[in-house]
Amino acid sequence: MKIQESAENYLETIYILSKRKGSVRSIDIAAELEYSKPSVSVAMKNLRENGYIEVDSDGFIKLTEKGKEIATRMYERHTLLSKWLVHLGVDEEIAVEDACRIEHVLSFESFEAIKKHICEQGLC
């Protein structure tokens, strides 16, 4: 099932924050993405209703297996593409922004080919 780019970004952000902080709440996501609290709240409701996250009674957000699968895929794409673009000479800030856009539109097949090439060059 194809999900929207914004949902992929939210899931990736939850994944990154959980690695960094251990626990994640909506306020953490709003601060990280510089979004309004109401916007994040609506997004979390949609992600919860679609089975990508669980929210406990204290407001802590946890990725479901389905959500974690998407989040880790986006994170891998983002980090690999960012590093590759920097290696090619792109300014780091621009590389991160471009990787964020590319990661959502690149097919599985194309990403795997790029990943294979990058790893063969010893850049993984």
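Listing for the model above:
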| item | result |
| --- | --- |
| Partnerless cysteines, meaning none of the other Cys C-beta atoms lie under 4.7 Å away, in the chain | CYS100 |
| Over 24 Å (Cα to Cα) - which of LYS37/LYS83; LYS45/LYS83; LYS21/LYS115; LYS45/LYS66; LYS37/LYS115 fall in this group | LYS37/LYS83; LYS45/LYS83; LYS21/LYS115; LYS37/LYS115 |
| Tilt relative to the chain, helix 65-87 - C-alpha long axis, 0 to 90 degrees, to 10 | 40 |
| Segment LYS45-LEU33, length gained on full extension (0.36 nm per residue, minus Cα span) | 2.6 nm |
| Charge dipole (the chain, unit charges on Cβ, about Cα centre) - positive-most of VAL24, SER82, ILE3 | VAL24 |
| Segment SER110-ASP91, length gained on full extension (0.36 nm per residue, minus Cα span) | 4.5 nm |
| Charge dipole (debye, nearest 20) of the range 61-124; +1 at Cβ of Lys and Arg, -1 at Cβ of Asp and Glu | 320 |
| Where labels lie 7 Å past Cα in the beta-carbon direction, separation of ARG20 and ASP58 in nm | 2.1 |
| Dipole in debye (nearest 20) - the range 5-69, about Cα centre, beta carbon charges: Lys, Arg +1; Asp, Glu -1 | 180 |
| Size of electric dipole in the chain: Cβ of Lys, Arg +1 and of Asp, Glu -1, about Cα centre, debye, nearest 20 | 360 |
| Sequence-separation-based contact order of the chain, relative, with Cα cut under 8 Å and 6+ spacing, percent | 23 |
| Answer label, with volume of the Cα convex hull per residue in Å³ calculated from the coordinates and candidates [x] 94; [y] 110; [z] 124 | [y] |
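Values quoted throughout were computed directly from the atomic coordinates according to the rules given, and no laboratory measurement underlies them. Just so it is clear, the model here is predicted, and its values are computed rather than measured. Please note: Cβ atoms are built from the backbone with ideal geometry, for glycine as well, and neighbour counts cover all protein chains shown.
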